[in-house]
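First comes the structure, then the notes that go with it.
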Amino acid sequence: MSRLSKLVERRKEQLIEELLMRDIYKTSDEKHLYDAPLKTLENEYRLVLEKEAGE
């Protein structure tokens, strides 16, 4: 596995862990977190942070 692939997978794992800690189990389009690409996970996490900041 290339270094970039490892970095992407590590970042995905970090984002999934953060989302799971916030009781988010699926993306907005109802996909499982583990099936979502990195960009989707980043967008989901950004949305969660924005929602938390607005509360």
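The values are calculated or read from the model by the stated rules, or taken from the named source; none is laboratory data. Treat the numbers as computed from the prediction; the structure is a model and nothing was measured. Every residue, glycine among them, receives a Cβ derived from its backbone with ideal geometry; neighbour counts consider all protein chains shown. Keep in mind that these areas ignore ligands, DNA and RNA; they rest on the heavy atoms of the full protein, side chains included. Shrake-Rupley method; radii C 1.70, N 1.55, O 1.52, S 1.80 Å.
Of everything in the stretch 21-49, what is open to solvent by 100 Å² or more (accessible area, probe 1.4 Å) and out of contact with any strand residue (DSSP E or B) (no Cβ under 9 Å at 6 or more places or on another chain)? Give them in sequence order.
21, 23, 30, 31, 34, 35, 39, 46 - these are the residues of the stretch 21-49 that are open to solvent by 100 Å² or more (accessible area, probe 1.4 Å) and out of contact with any strand residue (DSSP E or B) (no Cβ under 9 Å at 6 or more places or on another chain).
What is the one condition in (1) acidic (Asp, Glu); (2) at pLDDT below 95; (3) open to solvent by 90 Å² or more (accessible area, probe 1.4 Å); (4) in a helix (DSSP H, G or I) that residue 13 does not satisfy?
Of (1) acidic (Asp, Glu); (2) at pLDDT below 95; (3) open to solvent by 90 Å² or more (accessible area, probe 1.4 Å); (4) in a helix (DSSP H, G or I), only one is false for residue 13: (2).
Just wondering, is there one or more residues in the stretch 22-32 that are in a helix (DSSP H, G or I) and not hydroxyl-bearing (Ser, Thr, Tyr)?
Kept after step one, since they are in a helix (DSSP H, G or I), are these residues of the stretch 22-32: none.
Scanning the stretch 22-32 turns up no residue that is in a helix (DSSP H, G or I) and not hydroxyl-bearing (Ser, Thr, Tyr).
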